[in-house]
There are 2 protein chains.
Amino acid sequence: MILTVTLNTALDITYRVRSLRPHAAHRVSEVTERPGGKGVNVARVLAALGHEVTVTGFAGGHTGTVLRSMLAGTPAGPEPGAGPRAGRALPGEQGADAPGALVDALVTVSGATRRTVAVVDERTGDTTQLNEPGPQISPAEWAAFLGRYQELLPGASAVALCGSLPPGVPVGAYAGLVRAARSAGVPVLLDTSGEPLRRGVAARPDVIKPNADELAELTGSHEPLRATQDARRRGAHAVVASLGAEGLLAVTPEGRWRAAPPAPVRGNPTGAGDSAVAGLLSGLVEHLPWPDRLIRAAALSAATVRAAAAGEFDRPAYTELLGRVRVTGAASAA
Amino acid sequence: MILTVTLNTALDITYRVRSLRPHAAHRVSEVTERPGGKGVNVARVLAALGHEVTVTGFAGGHTGTVLRSMLAGTPAGPEPGAGPRAGRALPGEQGADAPGALVDALVTVSGATRRTVAVVDERTGDTTQLNEPGPQISPAEWAAFLGRYQELLPGASAVALCGSLPPGVPVGAYAGLVRAARSAGVPVLLDTSGEPLRRGVAARPDVIKPNADELAELTGSHEPLRATQDARRRGAHAVVASLGAEGLLAVTPEGRWRAAPPAPVRGNPTGAGDSAVAGLLSGLVEHLPWPDRLIRAAALSAATVRAAAAGEFDRPAYTELLGRVRVTGAASAA
């Protein structure tokens, strides 16, 4: 089982409007809702790839109820009806093409799960994002989560710690969660930003996956290779930087590689980074060599950009891209 | 009991952001939620004035559940703790200053009650509005509402038909509801816009309360007095036009008046028109002469603009404005 942690889960709402004009009233032509938060997105992609995944973190209020019912009820894969539904697949049904199982181990809190509202301007195709801060987490709720995390770790083949912290969670939270995973011998990937990333990196996670902005904020350098190397010196064993159209740059103890599709992919980049994380974890638990993990991550990321719905991935595109992602670089001298 | 009809109820969400910039990501600093839809707003003001009110229309989904729990649980008045809570007040406790009772007679539907999102720019104070269209109403749900409405009419001293129509409700809906109220001998006020207003007016409601834009759309004239007179010729017995800072213009069978506070009121106009409707209904069921109804409506409207929270009214300001609203005009020669 792969464990994903989403401390600030979200109900992701997308509005389509003809043209967004500040200070005007807009009729929303289309409303879509999906379960969100980075670790939830990672889990849905992993389940679609056939992995067993457990989702933990916090959920509460009516928005939390909607989120959990969607997690339980929606197909894990991008092809509804093509296989068993998420949360109900039996282990024996699992495989490379059959959706896996997604288990809800979220901790219920008294505050309400946040909403995020993405307003898509039909004229320009651009998106304006409004993100609620998330529920206030009490010390007792944080302690309940830590207990749940410790219970889940022994059964995990890998853990991903993803996204922002809701109010009330200590800023050093990820550092503690990284240390607990390492003590339990579970490989841990950290995907966050700002001070939680800075502190988390110092606890020596196995992998971090910053984007260009997060990497620059962490290291002060806007030169990706230099910044990636600096991030390793700060404590991360491996750094996989997602550089948008330029693909992935990985600096690891085993070597240094770049992976990118043969041509830039057009579409909506929402969730592309989360799909890359899912690809890295999927390859990690299957003990693939780094170049193969990076091919999977880059192909999933590009297939997410190409998908019609934000945060989903286009499975035919993924399959096709697997054979076309180019990896350059070399293993380190042993 | 006063009956208010809100076919397209809403969960009104307000976001505060530092500065709204299209195509950027925004951290929302403050989230507030309140039950909404024009007839719901009218009902809350009426209950705060001490009237017994019944709310009908449609509600569904998780947003409908939140709306109904807020309707049941929030104090009817703007002063929490000052009196019995909404939905629990006994008839004997009712009075001019004690909050009245608000009864939920909404019809449950399978679709979800819409959200409206108001994004307040802290820099400019301006608001950008995003309105979901509302749930699809099935023919069976519409029939269920018509049955509920016919049951409620005999117990009503007045009925207000307010706001937009959700998808699936026939565009002539208000015309039918006006005719049913008139057949039952219940005075009926219509507050809507566009084609539903045009058709509803032809069914001869007792009062309509358009704003300047709605009046111009109905009549083709941007000259308020001319447009108001034209709206009467189209079927409305009385027309009370809300003209923003210029106050109210009433053209009725009993005479023609203007009512406005002595100076323009600064603040948030959200809900001001709904408060004016509440004032008109309150005066109607108390059989006040038109000038007194208009004073009440104009004072409530201005006290709503002045309130800190959108859609609430400032009670001390209301009490003070009651003595300061100026009415000009004259009764018709009998």
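Counting only residues that are assigned to a loop (DSSP other than H, G, I, E, B) and touching a helix residue (DSSP H, G or I) at 6+ places or on another chain (Cβ under 6 Å), segment A:158-168 holds 2 of them.
Among the conditions (1) over 16 Å from the mean Cα position of the chain (by Cα); (2) surrounded by 17 or more Cβ atoms within 10 Å (Cβ to Cβ); (3) under 23 Å from residue A:307 (Cβ atoms); (4) among the small types (Gly, Ala, Ser), the only one that residue A:238 does not satisfy is (3).
Among the residues in segment B:170-184, are any buried (at least 20 other Cβ atoms within 10 Å of the Cβ), among the hydroxyl-bearing types (Ser, Thr, Tyr) and more than 21 Å from residue B:310 (Cα to Cα)? Yes, there is a match, as at least one residue in segment B:170-184 is buried (at least 20 other Cβ atoms within 10 Å of the Cβ), among the hydroxyl-bearing types (Ser, Thr, Tyr) and more than 21 Å from residue B:310 (Cα to Cα). When the criteria are applied in full, residue A:104 fails the requirement of being within 14 Å of chain B (Cβ to nearest Cβ) and either under 30 Å from residue A:20 (Cα atoms) or modelled with pLDDT of 95 or more (or both). Every listed requirement among (1) in a strand (DSSP E or B); (2) within 14 Å of the chain's Cα centre (by Cα) is met by residue A:39 save one, (1). Determine, yes or no, whether residue A:20 is within 14 Å of another protein chain (Cβ to nearest Cβ) and surrounded by fewer than 24 Cβ atoms within 10 Å (Cβ to Cβ). Here the answer is yes, as residue A:20 does meet what is asked.
In segment A:206-222, the count of residues that are touching a residue at least 40 places away in the same chain (Cβ under 8 Å) and crowded, with 23+ Cβ neighbours inside 10 Å is one or more.
Restricting to segment B:292-323, count the residues that are part of a loop (DSSP other than H, G, I, E, B), out of contact with any strand residue (DSSP E or B) (no Cβ under 8 Å at 6 or more places or on another chain) and within 18 Å of residue B:267 (Cα to Cα). Residues in segment B:292-323 being part of a loop (DSSP other than H, G, I, E, B), out of contact with any strand residue (DSSP E or B) (no Cβ under 8 Å at 6 or more places or on another chain) and within 18 Å of residue B:267 (Cα to Cα): 5 in total.
Regarding segment A:240-259, can at least one residue be identified that is in contact with a Lys or Arg (Cβ under 7 Å, 6 or more places away or on another chain) and in a helix (DSSP H, G or I)? Scanning segment A:240-259 turns up no residue that is in contact with a Lys or Arg (Cβ under 7 Å, 6 or more places away or on another chain) and in a helix (DSSP H, G or I).
Check whether at least one residue in segment A:172-190 is over 21 Å from the mean Cα position of the chain (by Cα) and assigned to a helix (DSSP H, G or I), and report yes or no. Within segment A:172-190 (the criterion being over 21 Å from the mean Cα position of the chain (by Cα) and assigned to a helix (DSSP H, G or I)), the answer is yes, since at least one residue qualifies. Reported count of residues in segment A:23-49, each being buried (at least 20 other Cβ atoms within 10 Å of the Cβ) and more than 9 Å from chain B (Cβ to nearest Cβ), is 16. For segment B:202-235, filtering for residues that are assigned to a helix (DSSP H, G or I), in contact with a helix residue (DSSP H, G or I) (Cβ under 6 Å, 6 or more places away or on another chain) and either hydroxyl-bearing (Ser, Thr, Tyr) or farther than 25 Å from residue B:305 by Cβ (or both) leaves 2.
Any residue in segment A:6-16 that is part of a strand (DSSP E or B), away from chain B (no Cβ under 14 Å) and modelled with pLDDT of 95 or more? Taking every residue of segment A:6-16 in turn, at least one turns out to be part of a strand (DSSP E or B), away from chain B (no Cβ under 14 Å) and modelled with pLDDT of 95 or more.
The residue that is surrounded by the fewest Cβ atoms within 10 Å (Cβ to Cβ), among those in segment B:114-169 that are within 14 Å of another protein chain (Cβ to nearest Cβ), under 28 Å from residue B:185 (Cα atoms) and touching a Lys or Arg at 6+ places or on another chain (Cβ under 9 Å), is B:164. The single residue among A:279, A:267, A:271, A:255 that is in contact with a Leu (Cβ under 6 Å, 6 or more places away or on another chain) and touching a residue at least 12 places away in the same chain (Cβ under 8 Å) turns out to be A:279. Across segment A:284-293, the number of residues qualifying as touching a Ser or Thr at 6+ places or on another chain (Cβ under 8 Å) and surrounded by fewer than 20 Cβ atoms within 10 Å (Cβ to Cβ) comes to 1.
Could you please find all residues in segment B:260-283 being in a helix (DSSP H, G or I) and buried (at least 21 other Cβ atoms within 10 Å of the Cβ)? Hits for segment B:260-283 are B:272, B:273, B:274, B:275, B:276, B:277, B:278, B:279, B:280, B:281, B:282. Considering A:87, A:77, the condition of being more than 14 Å from chain B (Cβ to nearest Cβ), over 21 Å from residue A:141 (Cβ atoms), modelled with pLDDT under 95 and surrounded by fewer than 20 Cβ atoms within 10 Å (Cβ to Cβ) is satisfied by A:87 alone. Out of curiosity, is residue A:52 over 25 Å from residue B:70 (Cβ atoms), of a type in the set (D, E, K, R), surrounded by fewer than 24 Cβ atoms within 10 Å (Cβ to Cβ) and away from chain B (no Cβ under 14 Å)? The answer is yes for residue A:52. Across segment A:102-129, the number of residues qualifying as among the charged types (D, E, K, R), part of a strand (DSSP E or B) and under 15 Å from residue A:32 (Cα atoms) comes to 2.
Only one entry in B:28, B:17, B:42, B:5 is within 20 Å of residue B:131 (Cβ to Cβ), without any contact (Cβ under 8 Å) to a residue 40 or more places away in the chain and of a type in the set (A, V, I, L, M), namely B:28.
The values are calculated or read from the model by the stated rules, or taken from the named source; none is laboratory data. Here the structure is a predicted model, which is why all the values come from computation and not from measurement. Heads up, the Cβs are rebuilt from the backbone with ideal geometry, glycines too, and the neighbour counts pull from every protein chain shown.
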